[in-house]
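What follows is a single structure, written as structure tokens, with notes after it.
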Amino acid sequence: MLKWIYLGLMICAAVPSWSQAAPSATEGTATSDDQQQMTAPPPVSDKAYPKETGSEAQSNYISGGVALETSYIDNMYPGSGASPIGEWTYSIRPTIAFDQTTERQHRLFSYSPGFTIYRPTSSLDETDQNATVAYQFRLTPHATVSANDSFQKSSASFVGGTISGSLPNTSPTIIAPFAQLLTNTTDAQFSLQLSPSAMIGAAGTLMTLRYPNPAQAAGLYNSDQRGGSAFYNRRISGTQYVGANYQYSWIHSFPEHAQSTAQIESQTQTHAVYAFYTIYPMRNFSISASGGVQHYAVAETSSSEIGGWAPMFMGSMGWQVLRTSVSANYSREVSGGGGLEGISTSTSAAASVRRQVSRTWTAGVSANYSINKSVTPSLLFAAQQGHMVSEAATVEHIFSNHISLNFTYDHLHQSYGGIAAIFNNPDSGRETVSLRWQFTRPLGR
């Protein structure tokens with residue numbers, strides 16, 4: 001409840017991507033409402049690029065189903081000093097989802113519990129929970145307000161997350177394989193189009209990150225984060241946007257138990273101001289660039305505050321057509337939380353390609369890279385720095401409207417000498433086969 005009060009006071013908002021039509025290369029010649037309606041470009045939309053191809057996109061439906069998964073982990077504890085262990089997992093994951101769009105509203109709900117058995121390491125057996133609720137309301141033809149909440153309780157996956165064109169307020173960066181992770185993210189948005197070529201907006205975000213079993217996440221830190229942003233967006237032609245954004249973030253990082261040997265806590269604040277430019281060479285294809293400066297201030301337990309300035313920049317692109325979706329980004333920023341103590345300069349890159357090869361076959365590949373370097377080397381948590389590389393490939397075959405088979409391979413390498421949970425498990429791969437049954441029923445608008 002406190003989260004919603006906080007977000008309501010902030011009157012936050014960046015227009016959700018579903019409420020705006022992406023401009024086309026001929027938008028400048030349009031004579032209808034399309035010419036008047038602006039879009040919030042990726043640097044300020046606060047929405048991820050879509051992973052699905054154009055033919056997979058859908059709305060106004062209710063769906064449900066169940067997936068049976070089997071995975072083999074080829075090198076579970078390669079850094080422990082003992083011989084590598086091959087681990088099998090068996091999972092069942094029921095799902096239910098609801099998505100409805102009307103002239104002024106968009107309502108979305110999805111829920112997917114999961115039950116996973118590990119063999120031979122039965123102590124890792126787990127019950128997962130994943131739930132998402134989203135609501136958007138168009139107050140006027142040019143004003144939109146929305147709120148979203150996402151809850152996840154599971155073992156952290158090898159490769160996850162989506163690709164965005166915006167600088168995130170909260171962004172977990174460390175993956176502790178097979179460690180229980182609990183996250184809850186709440187955000188609210190508001191936007192207002194002032195004229196045919198000008199828009200303003202604001203947004204607020206809260207995030208909680210917990211490792212319920214400290215023994216599985218030695219060296220990692222819980223965190224509470226909150227942030228807000230405000231932007232000005234201007235359309236300079238039918239396919240080009242420029243603007244500016246201000247973003248604030250507060251992060252509190254702390255160990256799971258006060259009696260922990262690592263009793264260090266930290267509080268970090270960042271202020272970022274940056275300009276952005278977006279061009280749409282064609283419909284559903286955007287290229288964006290952002291650049292500016294960040295000011296940071298971090299205080300550790302029993303230490304004085306340390307602060308400074310750092311540059312930040314980000315570039316991204318997204319392209320979605322009938323059978324293909326492509327997205328990529330590159331960024332450099334000062335950030336904290338996400339399992340780390342203190343604050344780091346984070347450089348990251350990600351790319352994803354998904355292709356519907358035929359009516360029944362779809363394939364995709366993705367890759368992620370990140371490196372975190374402490375900007376406060378005099379503090380005790382400066383040793384928590386390193387890098388991560390991950391790759392994934394997936395192939396899906398649809399047998400019928402209700403049954404599909406998916407094969408995925410993902411690989412993760414991490415190097416963080418100051419984090420025992422990562423040092424003991426720096427390199428591992430996983431092969432997964434999933435058989436899914438599902439139904440989809442259309443809903444009226």
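The value of relative contact order for the range 236-375, using C-alpha pairs under 8 Å at least six residues apart, is 17 percent.
In the range 327-445, a dipole from Cβ-located charges (positive for Lys and Arg, negative for Asp and Glu) runs towards its positive end, and of 397, 440, 335 it is 440 whose Cα lies farthest in that direction.
Taking R0 as 45 Å, what's the FRET efficiency between residue 232 and residue 72 from their Cβ-Cβ distance, rounded to 0.05? That pair, residue 232 with residue 72, gives E of 0.30. From most to least packed by mean Cβ count within 10 Å, the peptides 109-115, 266-272 give 266-272, 109-115.
Bear in mind these aren't lab numbers, they're just calculated from the coordinates by the rules spelled out. Quick caveat: nothing in here was measured; it's all calculated off a predicted structure. All Cβ positions, even for glycine, are placed from backbone atoms using ideal geometry, and neighbour counts span all protein chains on display.
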